[in-house]
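The structure under discussion appears below in the form of structure tokens.
The values are calculated or read from the model by the stated rules, or taken from the named source; none is laboratory data. Note that the structure is predicted; figures quoted are calculated from it, not measured. So basically every Cβ, Gly included, is an ideal-geometry build from the backbone, and we count neighbours across all protein chains shown.
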Amino acid sequence: MKEFNYVVNDPLGLHARPAGMLAKAAKEFADTTITITKGPKTVKATQLMMIMGLAVKNGDQVTVKAEGPSEDAAIAAMEKFFQDNL
């Protein structure tokens, strides 16, 4: 299992547009489970409505985890996504 922590810098937080892009990017790694955790809540990164339910705001820290055969590539892609979009 690979993971990283990220503090969201987007003024709007993890809102609909980047959440949709995130879910789409996570679906490329079908053989690997990618999760996002904020506080006590953990959701799969492929589930758009669940991501929105985390209500991630600017300044919030999230933990992204990847577990499975493609976890190295998945965590690298997720880390790049967060840095580029959030």
Would you call residue 66 modelled with pLDDT of 95 or more, touching an Asp or Glu at 6+ places or on another chain (Cβ under 9 Å) and part of a strand (DSSP E or B)? yes
Filtered residue count, the stretch 41-63, keeping only those that are of a type outside the set (D, E, K, R), out of contact with any Gly (no Cβ under 6 Å at 6 or more places or on another chain) and farther than 13 Å from residue 23 by Cβ: 6
For the stretch 66-85, does any single residue satisfy the condition of being more than 18 Å from residue 24 (Cβ to Cβ) and within 10 Å of the chain's Cα centre (by Cα)? no
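Does the stretch 1-44 hold any residues that are free of Cβ contacts under 8 Å to residues at least 40 places away in the same chain and assigned to a strand (DSSP E or B), and which are they? Don't jump to the end; show me each part of the working.
Just the residues of the stretch 1-44 that are free of Cβ contacts under 8 Å to residues at least 40 places away in the same chain, to begin with: 15-17, 19-20, 23-24, 27, 30-31, 33, 35-44.
Once the filter is applied, which keeps residues that are free of Cβ contacts under 8 Å to residues at least 40 places away in the same chain and assigned to a strand (DSSP E or B), the stretch 1-44 yields 33, 35, 36, 37, 38, 41, 42, 43, 44.
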Among the candidates 86, 54, which residue alone is in contact with a Pro (Cβ under 9 Å, 6 or more places away or on another chain) and buried (at least 17 other Cβ atoms within 10 Å of the Cβ)? 86
